[in-house]
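Please treat every number below as a calculation from the coordinates, not as lab data. Note that the structure is a prediction, hence the values are computed from the model and not measured. Positions of Cβ are generated from backbone atoms using ideal geometry, with glycine treated the same way; all protein chains shown enter the neighbour counts.
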Amino acid sequence: GQSLEQPSEVTAVEGAIVQINCTYQTSGFYGLSWYQQHDGGAPTFLSYNALDGLEETGRFSSFLSRSDSYGYLLLQELQMKDSASYFCAVRAYTGGFKTIFGAGTRLFVKA
Amino acid sequence: GAVVSQHPSRVICKSGTSVKIECRSLDFQATTMFWYRQFPKQSLMLMATSNEGSKATYEQGVEKDKFLINHASLTLSTLTVTSAHPEDSSFYICSARELAGVNTGELFFGEGSRLTVL
């Protein structure tokens, strides 16, 4: 089976940097994704790491260490609109590709 | 990016009735779609993988006779909640992966359907 762990809540101030960690246990691991979801909305894709290392997309970066079964999402220059839930998700192959989500981290950005 | 449309966005029904939710990929073909369920402030729980032209693959613990999935074309998957009960009230979200996204891991999500069973 698959399991993911990430903090339930993080609070930070505008302009700061925040890191959301994710550890996972899975068979058939292919990659780690990150999604953002605002209350009442659908998840939107942020990033995907299939290989070790850092992927940068604007203010957001994502890191993966396959040997440690660990990844993180780094958000820089925080803005109020970044207040949302952030989910790490493993893409795994177990007879077919599927994406399993972590419990989510609620990020609160304060002025 | 690719667009996935889900309908209806909200539905209220009486206990014992059945409700159908549609998920369409508008500008790409999706041989595989995924149905998730989300309770308030909780994670997305994968219910089943919908495969075009074949039977859906259900996750452990999901009743296939209760949640009927049909994927009759490359752009449409439907989820029917049969004999709905109040405990089936939830946010149901479908997603699909564009062929070009196979190696990017990106899932495109519909807007979600909020089901309330009275």
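Computing FRET efficiency as 1/(1 + (r/R0)^6) for B:Thr116 and A:Lys110, where r is the C-beta to C-beta distance and R0 is 25 Å, gives about 0.15. Here the calculated FRET efficiency for A:Asn21 and B:Ser9, from their Cβ-Cβ distance with R0 = 45 Å, stands at 0.85, rounded to the nearest 0.05. For the residues of A:37-50, the average number of beta carbons from a partner chain within 10 Å of their own beta carbon is 5.
When chain B is treated as a Gaussian network with alpha carbon springs shorter than 10 Å, the biggest mean-square fluctuation among B:Thr49, B:Thr31, B:Thr104 belongs to B:Thr104.
The share of alpha-carbon pairs in region A:40-89 lying farther apart than 15 Å comes to 49%. A simple spin-label model places pseudo-atoms 7 Å from Cα toward Cβ; at A:Gln79 and B:Ser83 they are separated by 5.0 nm. In a reduced charge model with +1 at each Lys and Arg Cβ and -1 at each Asp and Glu Cβ, chain B shows a dipole moment near 280 debye about its Cα centre. Using a 10 angstrom cutoff on alpha carbons, build the Gaussian network for chain A and name the most mobile of A:Gly31, A:Gly40, A:Gly15. Checking each option, the largest mean-square fluctuation is seen for A:Gly40.
Taken one residue at a time, the phi angles of region A:28-34 give Karplus couplings (6.51, -1.76, 1.60, θ = phi - 60°) of x, 5, 10, x, 10, 10, 10 Hz. Gly and Pro are set to x. Counting other Cβ atoms within 10 Å as a rough exposure proxy, the listed residues B:Ser77, B:Ser18 run B:Ser18, B:Ser77 from fewest neighbours to most.
Between B:Ser54, B:Cys23, B:Gln38, the Cα set farthest toward the positive side of the dipole of region B:12-63 (charges on each charged residue's Cβ, about the Cα centre) is that of B:Gln38.
The calculated pair-distance distribution of chain A uses every alpha carbon pair, bins of 10 angstrom beginning at 0, and gives 15, 49, 29, 6, 0 percent.
Distance from the Cα centroid of region B:1-62 to that of region A:19-71 is 23 Å (rounded to whole angstrom). Here region B:48-77 is scanned for amide nitrogen atoms under 13 Å from the site 7 Å beyond the Cα of B:Glu22 along Cα-to-Cβ, giving B:72-73, B:75-77.
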